[in-house]
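The structure appears below as structure tokens.
Read the figures in this text as sums done on the coordinates, not as results from a lab. This is a predicted model, so every value here is computed, not measured. Glycine gets a Cβ as well: all are built from the backbone with ideal geometry, and neighbour counts include every protein chain shown.
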Amino acid sequence: MSEIKFIKGNIFTSKHQTLVNTVNCVGIMGAGIALEFKYRYPEMFEKYAKYCEDKLIQIGKLWVYEVPNVNQKVLNFPTKQHWKYPSKYEYLEKGLSKFVETYKDKGITSIAFPMLGALNGGLDPDRVIDLMQQYLSSCDIPIEVYEYDGQASDDLIDKFRNAFIYDSLKELEKTTGLKPNVLKKVKSVLENQDLNSLIQLDKVKGIGEETVKACYQFAMKLKTKPKAQQAIAQDIFSIAEPQKQEIVQNPKSIKVNGIKTEFDLSEKVTLTGLDVQTIQKIESKEEEVSIRAIKTYCQALKLNFAEFIAKNYVTT
């Protein structure tokens, strides 16, 4: 028997393997959670639209999308026949019954649901909770059910905001594909409006759908980018002070708990996640490099960021 955890928040912050996307059967992801899934996984949306065209997406039939290169899945769960019509409790029951029958065969090991049909579907939340508990309690995997909270932060906004604050317009133009005037608009919104989630950009006057798409693809790359040396790194500020000073003074000759601290260029690319050009700019002390890139470089290679800046970029 599974203990179902009910959470008021943003489902995209869940650490569970599988997230549930509520969909209709006509190939439109135009609002709510479905719109955000469309922005996050455009390849999934294209397949979904084709499956709807071929009449493969139907009430009671669940489609699992395997997110490339990570151990994550999206379970597309039809709660409506058509986007403009309300959900029905019988639709939920058919889908939940199918899920209970098939989740093990689909390799689902943990899952986070939204409140099925209770936001844009028009169904009563209390009755939806009762139905979900009735069916899901028989599962033997961790299950979360999210009640949407528009004030809760998502998993993208902080990294996205930091990138726009610390990266130069030239760098952002290269990484996002957006033009400088559009980047300035987005940057202004991030600086002057209290955004809790990236989907809120979709409602900002003057920011179009293509811009939102580009922002999401950039943010998703930031999220999935390997964290430099995360598996083997030890925070330099947690090292005993004498050893820390030795590392700072002679970083190329020291090993920290057996960790190598001298790397060739290809190793630096792998560890930092930065491209060759950015690493070369940092090492040649060029001022156009972003603070965020320098921080990433220092953290990955176990360098004291403050001392690195003082030594290489501050003149006295």
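May I ask you to list the aspartates and glutamates whose Cα is less than 13 Å away from that of K223, ignoring any residue fewer than eight positions away on the same chain?
D154, D155, D158
Step through the residues of region 192-197 one at a time and calculate ³J(HN,Hα) from phi using the Karplus curve (6.51 cos²θ - 1.76 cosθ + 1.60, θ = phi - 60°), rounding each to whole Hz and writing x for Gly and Pro.
These are the phi-based 3J(HN,Hα) values: 10, 10, 8, 7, 9, 8 Hz.
Is the shape of region 159-229 best called rounded, prolate or oblate, per the rule: a/c under 1.5 gives rounded, else a/b larger than b/c gives prolate, else oblate, with a ≥ b ≥ c the square roots of the Cα gyration tensor eigenvalues?
Prolate shape, in that a/c is at least 1.5 and a/b is the bigger ratio.
Counting only residues 5 or more places away or on other chains, whose amide H sits under 5 Å from the amide H of K73 once H atoms are built in the peptide plane?
Long-range HN contacts for K73: T18, L19, V67.
Once a ≥ b ≥ c are taken as the square roots of the eigenvalues of the Cα gyration tensor of region 4-148, is the result rounded (a/c under 1.5), prolate (a/b larger than b/c) or oblate (a/b not larger than b/c)?
On the way: a/c = 1.34, a/b = 1.10, b/c = 1.22.
Rounded is the answer for region 4-148, as its axis ratio a/c remains below 1.5.
In the chain, which longest range has no GluC sites (Glu not before Pro) that are both DSSP loop (not H, G, I, E or B) and surrounded by at most 14 other Cβ atoms within 10 Å? The partial results should precede the final answer.
Working: sites that count: E3, E262, E286, E287, E288.
Here the longest run is 4-261.
Got a sec to turn the phi values of region 128-133 into Karplus ³J(HN,Hα) couplings, 6.51 cos²θ - 1.76 cosθ + 1.60 with θ = phi - 60°, whole Hz, x for Gly and Pro?
4, 4, 4, 5, 5, 5
Given Cβ point charges of +1 (Lys, Arg) and -1 (Asp, Glu) and nothing else, what value in debye, to the nearest 20, does the dipole of region 157-224 about its Cα centre take? Each step should come with its number before you reach the end.
Working: 13 positive and 9 negative charges, 24 e Å.
Roughly 120 debye, rounded to the nearest 20.
Of the listed pairs K88/K205; K159/K185; K15/K73, which have alpha-carbon separations greater than 23 Å here?
Working: K88/K205 34 Å; K159/K185 18 Å; K15/K73 12 Å.
In this structure, K88/K205 exceed 23 Å between Cα atoms.
Pull out a ≥ b ≥ c, the square roots of the eigenvalues of the alpha-carbon gyration tensor of the chain, then state rounded if a/c is under 1.5, prolate if not and a/b is larger than b/c, and oblate in the remaining case. Show your work: numbers first, answer last.
Details: a/c = 2.63, a/b = 1.83, b/c = 1.43.
Here the chain falls in the prolate category.
Quick check on packing: order 22-30, 125-133 by the mean number of other C-beta atoms within 10 Å, highest mean leading. Write out the running numbers ahead of the final one.
Details: 22-30: 19.9, 125-133: 15.3.
Ranked by mean Cβ neighbours within 10 Å, highest first: 22-30, 125-133.
As an exercise, identify the trypsin sites (Lys or Arg not before Pro) in region 42-126 lying in DSSP coil whose Cβ has no more than 16 other Cβ atoms within 10 Å. Working shown, then result.
Working: sites: K47, K50, K55, K61, K73, K80, K84, K88, K94, K98, K104, K106; in loops: K55, K61, K80, K84, K88, K104, K106.
Loop-located and lightly packed - K55, K61, K84, K104, K106.
Under a plain spin-label model, where a point goes 7 Å from the Cα along Cα-to-Cβ, how far apart in nm are I4 and T175?
4.0 nm
Taking 22 Å as R0, compute the FRET efficiency from the Cβ-Cβ separation of V269 and L222 and round it to 0.05.
Values: r = 17 Å, r/R0 = 0.77.
Result of the calculation: an efficiency of 0.80.
Can you compute the charge dipole magnitude of the chain about its Cα centre, using +1 on each Lys and Arg Cβ and -1 on each Asp and Glu Cβ, nothing else charged? Give it in debye, rounded to the nearest 20. Walk me through the intermediate numbers first.
Numbers: 44 positive and 41 negative charges, 105 e Å.
Charge dipole of the chain: 500 debye, to the nearest 20.
In terms of Cα to Cα distance under 21 Å, which lysines are near enough to K302, apart from those fewer than 8 places away along the same chain?
Leaving aside lysines fewer than 8 places away in the same chain, those within reach of K302 are K225, K227, K244, K252, K255, K260, K268, K281, K285, K311.
Once phi is turned into θ = phi - 60°, what whole-Hz ³J(HN,Hα) does the Karplus curve with 6.51, -1.76 and 1.60 give for every residue of region 94-99, x standing for Gly and Pro?
4, x, 5, 4, 5, 4
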